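Written out below as structure tokens is the structure these notes cover.
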Amino acid sequence: MYTQSLDQAPVGTDTNNAIDIHQDAAKQAAFDAVIDADGKIEAQDWMPAAYRKTLVRQISQHAHSEVVGMLPEGNWISRAPSLKRKAILLAKVQDEAGHGLYLYSAAETLGTGRDELLDALHSGRAKYSSIFNYPTLSWADVGVIGWLVDGAAIMNQVPLCRCSYGPYARAMIRVCKEESFHQRQGFDALLAMMQGTEAQRAMVQESVNRWWWPVLMMFGPPDADSPNSAQGMRWGIKRISNDDLRQKFIDATVAQAETLGVTLPDPDLTWNEATGHYDFGTINWQEFQDVLAGKGPCNTERLATRVKAHQDGQWVRDAAAAYARKQAAKQQRQAA
Ligand code: FAQ
């Protein structure tokens, strides 16, 4: 059962209050039945306040990640090594903007406005994925982001296509298809470099060395230290735990690294016949906490760039609003 009963006042002598509580209990029971049957909750359905709050938190953090996630790769659009790679990178970065838009729209269906969500990001109150606070120092980083960062994102997001909240689940279907293309283009870019010169191979290896551990942190803290996981899983928002997704990602990536010819920078990475999984070394969770606390290598720069982009775009929003007002007035005149 997923009740809010602890939040509810006891049935008193007030008849209206008793009726309200009775109605809320009926709504809660209907909600629980949908969740228990693995069904979908839609925007117009009644839902517990805590379910709504959790969804707004997760979906908006996800949207912010897509939008801030454009910045590390965007740095390389003007420096891509060929027209083909530039066109692919432009398309990928635009896709990430689109993902942000679907996700902000999904969050808005829960009754929180876009301005409020963006204000939380720009004021530093909202989180976005830790991974985007690391710098892109070489062209190989663009390939590694596609291969590993998008690869981790897909591993985390495919189960979200089955999320109990309909608008989020449906947004994730298209997002995952596009992330899949992103992952492959990253692998393809790295494969080309690995078949190139010694200097190119070294550039790929150096990039993998820097990104591997931060990528493993993308899945979130260990299950034992994840305050939101248990409830998120009971509500069918999260389907697979942070640790299980991290393990699935490692298991899938080792063979890809071998195909590429790169070494994953973990001396403890060994196949465990008994568990049927790879064992791996200790993740530096202090580094993760530091990045979340705003002390990562690029936190300040990323937020400042995002705020500036938003401010620079004010005239576009003003012009769009003025045009919409003009069109509405025109329609009113025609209807009169
Ligand atoms: N970074 O209790 P949990 C992408 C926070 S999209 C920052 O385990 P939960 C596409 C967490 O929010 C990447 N914060 O939390 C792309 C919570 O804080 P709060 C983003 C993190 O929600 C590719 C606290 O720690 N994907 O890459 C991180 O149950 C290339 C405790 O954690 C999504 O957002 C982190 N890595 O599980 C774009 C997917 N991990 O809110 C451009 C949807 C945890 O209590 C280029 N989100 N935290 O203050 C999820 O699946 C979940 O929210 C998790 C966290 C798994 C991220």
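Descriptive notes on the structure:
- Per-region count, the range 305-336, residues among the hydroxyl-bearing types (S, T, Y) and under 27 Å from H64 (Cβ atoms): 1
- Within the range 40-71, restricting attention to residues that are open to solvent by less than 20 Å² (accessible area, probe 1.4 Å) and assigned to a loop (DSSP other than H, G, I, E, B), the residue that is nearest to the ligand (Cβ to nearest atom) is G69.
- Restricting the search to helices (runs of 4 or more DSSP H) fully inside the range 74-159 and requiring at least 1 residues that are away from the ligand (no atom under 12 Å from the Cβ) gives 83-108, 114-122, 139-144.
- Subset of the range 220-229 [touching a residue at least 60 places away in the same chain (Cβ under 8 Å) and within 6 Å of the ligand (Cβ to nearest atom)]: P221, N228
- Search result, residues across the range 162-173 that are open to solvent by 10 Å² or more (accessible area, probe 1.4 Å) and within 12 Å of the ligand (Cβ to nearest atom): A171
- Where D268 falls short, out of the listed (1) within 16 Å of the ligand (Cβ to nearest atom); (2) at negative phi: (1)
- Filtering the range 271-315 to residues that are within 12 Å of the ligand (Cβ to nearest atom) and more than 20 Å from S129 (Cα to Cα) leaves nothing.
- Being assigned to a loop (DSSP other than H, G, I, E, B) and either over 29 Å from the mean Cα position of the chain (by Cα) or over 26 Å from S226 (Cα atoms) (or both) is a condition met by no residue of the range 314-330.
- Among the numbered conditions (1) touching a strand residue (DSSP E or B) at 6+ places or on another chain (Cβ under 9 Å); (2) open to solvent by less than 10 Å² (accessible area, probe 1.4 Å); (3) not acidic (D, E), the only one that H182 does not meet is (1).
- Filtered by the rule that a residue be among the small types (G, A, S) and either modelled with pLDDT of 95 or more or under 16 Å from A107 (Cα atoms) (or both), the range 5-64 gives A29, A30, A33, A37, G39, A43, A49, A50, S60, A63.
The values are calculated or read from the model by the stated rules, or taken from the named source; none is laboratory data. What you see is a predicted model; the values in this text were computed from it and never measured. Here Cβ is always computed from backbone atoms with ideal geometry, including for glycine, and neighbour counts include all displayed protein chains. For accessibility, only protein heavy atoms count, side chains too; no ligands or nucleic acids. Shrake-Rupley method; radii C 1.70, N 1.55, O 1.52, S 1.80 Å.
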